[in-house]
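*Asks:* One structure follows; several queries about it will come next.
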Amino acid sequence: MSGIAGQTAGMTTDSNTRTDSSTDSHTDSHTDDHTDTGTDPRALVLAAAAQARDRIERVRAADLDRPTPCDGWTVRDLLSHLLAVADRIPALLRGGDPRLLPRTVDGVADDGWAAAWTAREPELAAALAEPDVLGRTVTHPAGPMPAAGAMLAYTSELCTHAWDLAAALGDTTGFDDRLAEPCLAPLRAFLPPEVRGADEVPFGAVVPVDDDRPATERLVAWYGRDPRWRP
């Protein structure tokens, strides 16, 4: 393992986030280096960040003006927001209020998005590795919550935006459903179907999908994306 994925090795198991590898029939084999079943929420965040990096590295300058499943956002807009998410997670875990931080990061060169993401990975890994981090209460944009819950929320956001980016580029194969699966039940409780469309809840209506679809598809559909979306 290398890079951010290698930081998961020393993290202990959290029984609340265990997943069954038998649900992963849709997982591409290259994702085995990202995470292992039974990992704790810190490892899920790191693996989701690595999965996002894989998609970011596929973007070329000619792709930046492509539309995405995020209404009104281009690939450039989505990348700008992803960098802001990578900045928000360490700030939140260390007691900051992410609502006070920018929602986007500007000034990145057309060929600099992957480098800008990679430059943020050490700080993300360091914040997640702090000894007492799992016991903290943090300020999420939705309000105070246990740090472990916030980690699952950001795992789901990273997985969803990585899928958004992949869809914009025309290839949504190869996602690790072991990352999305443990996020589904908390997301459904936290973001019920009837709470949609308000300024503070900027998500579309749930898109119906069959229960046997891959976990990543079910996750993005709950966020209001159509898994069949194409540019």
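*Asks:* Keeping to the stretch 178-206, report how many residues are modelled with pLDDT of 95 or more and closer than 23 Å to HIS81 by Cα.
*Replies:* 4
*Asks:* Consider the stretch 60-79. How many of its residues are of a type outside the set (Lys, Arg), at pLDDT 95 or above and in contact with a helix residue (DSSP H, G or I) (Cβ under 9 Å, 6 or more places away or on another chain)?
*Replies:* 11
*Asks:* Just one of the numbered conditions (1) hydroxyl-bearing (Ser, Thr, Tyr); (2) within 16 Å of the chain's Cα centre (by Cα); (3) over 25 Å from GLU57 (Cα atoms) is not true of TYR154; which one?
*Replies:* Failed condition: (3).
*Asks:* Test each condition in (1) at pLDDT 95 or above; (2) part of a helix (DSSP H, G or I) for VAL138 and report the one that comes out false.
*Replies:* (2)
*Asks:* Out of the residues in the stretch 71-116 that are touching a Pro at 6+ places or on another chain (Cβ under 7 Å) and not hydrophobic (A, V, I, L, M, F, W, C), which is nearest to ARG55 (Cα to Cα)?
*Replies:* Within the stretch 71-116, the match that is nearest to ARG55 (Cα to Cα) is THR74.
*Asks:* Another question, then. Just wondering, is there one or more residues in the stretch 130-148 that are charged (D, E, K, R), under 21 Å from PHE190 (Cβ atoms) and out of contact with any Leu (no Cβ under 8 Å at 6 or more places or on another chain)?
*Replies:* no
*Asks:* Which residue is surrounded by the fewest Cβ atoms within 10 Å (Cβ to Cβ), if the candidates are limited to the stretch 170-187 and must be hydrophobic (A, V, I, L, M, F, W, C) and under 15 Å from the mean Cα position of the chain (by Cα)?
*Replies:* Ranking the qualifying residues of the stretch 170-187, first place goes to LEU184.
*Asks:* Kindly list, by first and then second residue, each pair from a residue in the stretch 114-130 that is farther than 13 Å from ARG88 by Cα to a residue that is surrounded by fewer than 14 Cβ atoms within 10 Å (Cβ to Cβ), limited to pairs with Cβ atoms under 6 Å and residues at least 6 apart or on different chains.
*Replies:* What qualifies is ALA114/GLU57.
*Asks:* Another question, if that's okay. Do we find that HIS140 is touching a Cys at 6+ places or on another chain (Cβ under 9 Å) and surrounded by 15 or more Cβ atoms within 10 Å (Cβ to Cβ) in this structure?
*Replies:* no
*Asks:* Return the residue satisfying two criteria in turn: it lies in the stretch 61-83 and is aliphatic (A, V, I, L, M) and in contact with a Leu (Cβ under 7 Å, 6 or more places away or on another chain), and of such residues it is nearest to LEU169 (Cα to Cα).
*Replies:* VAL75
*Asks:* Within the stretch 75-108, take every residue that is touching a residue at least 40 places away in the same chain (Cβ under 8 Å) and outside any helix (DSSP H, G or I) and give me the one that is surrounded by the most Cβ atoms within 10 Å (Cβ to Cβ).
*Replies:* Across the stretch 75-108, the extreme among qualifying residues is GLY96.
The values are calculated or read from the model by the stated rules, or taken from the named source; none is laboratory data. For clarity, every value in this text was computed on a predicted model and none was experimentally measured. Positions of Cβ are generated from backbone atoms using ideal geometry, with glycine treated the same way; all protein chains shown enter the neighbour counts.
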